[in-house]
Amino acid sequence: MSGFQLPPIFDVPSLSTIERATVLDALFEPCTALHTLSLDLLHTEKFESYYDLIASVGVQLIDLSESLSKSDTEWLDNILGAHPRLGEKKVESAQSQAEQAQLNTGGEEEATKLRNLNAEYEKTFPGLRYVVFVNGRSRPVIMEDMRSRIDRGDIKLERAEAIKAMCDIAADRAVKLQQH
């Protein structure tokens, strides 16, 4: 996927289902639940930019987060949980590998602390993974943010932060995947 380039935005509605899924996977993370939610949107809507496409997917995610349906909440958590754990050695997505590269530069003590924070986060927010737009920030800064979010303990706010982070990450990827 390293040589992948996004197609022109005006071509997205006419792409095959597999090609639209590939666009979603490149912008967000590979996730069948996201495909189910958004593939039709990418087929039926015309977008002026990838930013507009990402914002529309974001609205779908917010709608799920505001639903009172338990199945909608589980569906959203499945999508939010598609992001890899920060600092993990094995990361499937080429984009996530590149984005997390600087998080894997600290010592083993920091890596252990990050693993422990990931476990505590997932215990505090069952079904979720910590999602943040790293954007060049160091491991200690990210761990401080993770700690404050765990301490806050508000799952609704956590879902909202994760949605915003997913969309920020997707917007950053859209820029990079159009610049080749």
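The values are calculated or read from the model by the stated rules, or taken from the named source; none is laboratory data. What you are looking at is a predicted structure, and each value in this text was computed from that prediction instead of being measured. Glycine gets a Cβ as well: all are built from the backbone with ideal geometry, and neighbour counts include every protein chain shown. When the accessible area is computed, the model is the full protein with side chains, heavy atoms only, and any ligands, DNA or RNA have been set aside. Shrake-Rupley method; radii C 1.70, N 1.55, O 1.52, S 1.80 Å.
Quick rundown of the values:
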{"quantity": "Set Lys70/Lys156; Lys123/Lys164; Lys46/Lys164; Lys46/Lys156; Lys113/Lys176; Lys123/Lys176 screened for pairs whose C-alpha atoms are more than 25 Å apart", "calculated": "Lys46/Lys156; Lys113/Lys176; Lys123/Lys176"}
{"quantity": "0 to 90° range, to nearest 10: angle between helix 32-44 axis and the chain longest Cα axis", "calculated": "30 degrees"}
{"quantity": "Accessible area of the chain divided out per residue, in Å², using a probe of 1.4 angstrom", "calculated": "52 Å²"}
{"quantity": "Surface accessible to a 1.4 Å probe, Ser69 within the full protein complex, Å²", "calculated": "40 Å²"}
{"quantity": "Computed helical MRE - 222 nm, the chain, DSSP H runs ≥ 4 contributing -39500 (n - 2.57), nearest 500", "calculated": "-20000 deg cm²/dmol"}
{"quantity": "Entry for Cα Rg over 2.2 N^0.38 Å (calculated from the structure that is shown) out of [x] 1.41; [y] 1.03; [z] 1.45", "calculated": "[y]"}
{"quantity": "The chain, relative contact order in percent, only Cα pairs under 8 angstrom and at least six apart counted", "calculated": "29 percent"}
{"quantity": "Accessible surface of the chain [probe 1.4 Å, protein heavy atoms]: carbon and sulfur percent", "calculated": "54 percent"}
{"quantity": "Computed magnitude of the charge dipole of the chain (debye, nearest 20; Cβ of K, R +1, Cβ of D, E -1)", "calculated": "400 debye"}
{"quantity": "Along the chain, longest interval not containing exposed trypsin sites (Lys or Arg not before Pro), exposed being DSSP loop plus at most 16 other Cβ atoms within 10 Å", "calculated": "91-136"}
{"quantity": "Euclidean distance between Cα centres, region 8-39 to region 149-180, Å", "calculated": "18 Å"}
{"quantity": "Projected area, mean over directions - region 106-172, Cα convex hull, nm²", "calculated": "4.4 nm²"}
{"quantity": "Ratio of Rg to Rh over region 23-89 (Cα coordinates, Kirkwood Rh, two decimals)", "calculated": "0.99"}
